[in-house]
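The structure under discussion appears below in the form of structure tokens.
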Amino acid sequence: MPKCLIDGREVEFAPGTNLIEVARKAGIEIPYFCYHPGLTIVAQCRMCAVEIEKMPKLQTACSTVATEGMVVKTRSDRAVQNQKSIMEFLLINHPLDCPICDKSGECDLQDFSFKYGDAYSRYTEERRTYLDLDMGPVIKKNMNRCIHCTRCIRFGTEVANIHEMVAVERGNNTEITTVDGRPLETDYAGNYADVCPTGSLTLKDFRFRKRVWYLKKTPTVCEGCSRGCNMEIHQEANTIYRCLPRENMEINKYWLCDEGRFNFHYVNDPERVLDPKAGGNVTNWEDAIQAAKTALEGRKLTVLVGSDLTQEEATLIQELLPKVFPGAGLFHFGTPAITSASEDAPADKILKRKSKTANLHGLEKLKIHGLKTPIATEAVLVIRGGRAVLPDMKSIKTVVGIGVFTNTQSGNFAAVLPGLTFAEKNGTIVNFEGREQKLKRAILPLGQSKPLSETLMMWMNRKKAEHTSAMETTGAEAR
């Protein structure tokens, strides 16, 4: 492989790689604002300018491809002076509102100002200010913080495939806004906040809710559709505050749709059933399991499993079903009108899939078939992870639920045994390409919710205890 010299360090690189990425590989930071590895290169912020031997002027590292034998200096006097000048220029109109900015703690402008800027400002003029328009339900705009990097414009045009962000006016009066002031229309609007290097575009959903340095981050997988985008869950004190995309170039690159980004809200939903119930009333686990068993006893049973369950949960159900409910039918459900993996398809040209659960393809791999006809049975045991859409069960006399339900969904259930959401458990899911990926537990189970394995173990042990008790009674009567 070709090699170049960066700050005296010899670095190997793949042909065609720009200097920012080559330096990053060697652990050398070159600051930048307008550059993003998932967007086109415009080289307009000039923050990444470096000195290259045999070149009379500083060169932008984002737009300069490394070549064999190239000698690069990122901390020469000229490069350092340029960085200070750029930082002074960018901060001329920037408000000093870090203490109230949601981006504080993860802001590129804040970090680079500290590392590469000057502690003193020579600017004494009045700062430029704007009145901000409402950009819709996802993004909060603060144009006063904008540094004109145009990442948002490029994301909309190049990734979201919609030309809705534009720059109007010129020079110091440039304003980033939407076409005709309309609200954002893309289903990927949350990514505007992700690509923004300042607090100019932030998520309304996260606004003023938590300081980022308090958040604990857990790498996991989105359960919003069969693609299985990689993401991080950010939580503090067992409460989830946001989900952000995690880079995976083979699955979702750097992006995440809004549906998957905000899906987590049902985890902490006040309507979620967190205590075992029998006949609509909260009870203890033993009585709830007994009520569930009594309700299903002697009835023709169908077991429905959500395609939001993990491979481990589905396998466990398959293994125990013949022992607990011999003769019961087993089918999966999840997305209306999608009953098999063959019916799954792209929902757009970016990331979204038609199957709105993460493990449809995994359940089909286990030979669990989809529910294609109306349920014709006396009783149903429905096991759900929280994302799968419940089928119509109005005609069913007896329904018992294990897993994640709201009070409204389970209002007429004979019993509810609360389970875990995707954020409260570890497990494996299989995406539409057959890739196995891991869910990782980010928070502890809420309320009295239990893992499916523990619930089924209690169910089985209850059965054994009843059998032992019956034998002891019979023996006593014989004596």
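Derivation of every value follows stated rules applied to the coordinates shown; laboratory data play no part. Computed from a predicted model, the values in this text were never measured in an experiment. Note that we place each Cβ from the backbone using ideal geometry, even for glycine, and neighbour counts take in every protein chain shown.
Here are the numbers for this structure:
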quantity: Tilt relative to the chain, helix 285-296 - C-alpha long axis, 0 to 90 degrees, to 10; calculated: 60
quantity: Within straight-line cross-link reach of K293, aspartates and glutamates at Cα separation under 12 Å, skipping those fewer than 8 residues along the same chain; calculated: E466
quantity: Relative contact order computed over segment 3-91 (Cα-Cα under 8 Å; 6+ residues apart), in percent; calculated: 33
quantity: Contour minus Cα-Cα distance for Q44 and K293 (0.36 nm per residue); calculated: 82.9 nm
quantity: Separation of the N426 and V389 label points, Cα + 7 Å toward Cβ, nm; calculated: 3.4
quantity: Cα-centre dipole for segment 3-91 with unit charges at Cβ (Lys and Arg positive, Asp and Glu negative), debye to 20; calculated: 140
quantity: Unmatched cysteines, the chain - criterion: no other Cβ of a Cys under 4.7 angstrom; calculated: C4, C48, C62, C98, C101, C107, C146, C152, C196, C225, C243, C257
quantity: Protection-proxy order for peptides 395-405, 428-438, 122-132, each taking the mean of Cβ atoms within 10 Å per residue, highest first; calculated: 395-405, 428-438, 122-132
quantity: Label-to-label distance, nm, for residues given as M55 and A14 (7 Å Cα→Cβ offset); calculated: 2.2
quantity: Sum of -39500 (n - 2.57) over DSSP H runs of 4+, divided by residues of the chain (222 nm, nearest 500); calculated: -6500 deg cm²/dmol
quantity: Separation of the K217 and D275 label points, Cα + 7 Å toward Cβ, nm; calculated: 3.8
quantity: Farthest positive-ward along segment 133-227 dipole, Cα basis, beta-carbon charges - from I176, C152, P219; calculated: P219
quantity: Gained length - E126 relative to K300, 0.36 nm times residue gap less alpha-carbon distance; calculated: 54.9 nm
quantity: Hits among lysines - C-alpha to C-alpha of K210 under 20 Å, sequence gap 8 or more where chains match; calculated: K103, K140, K141
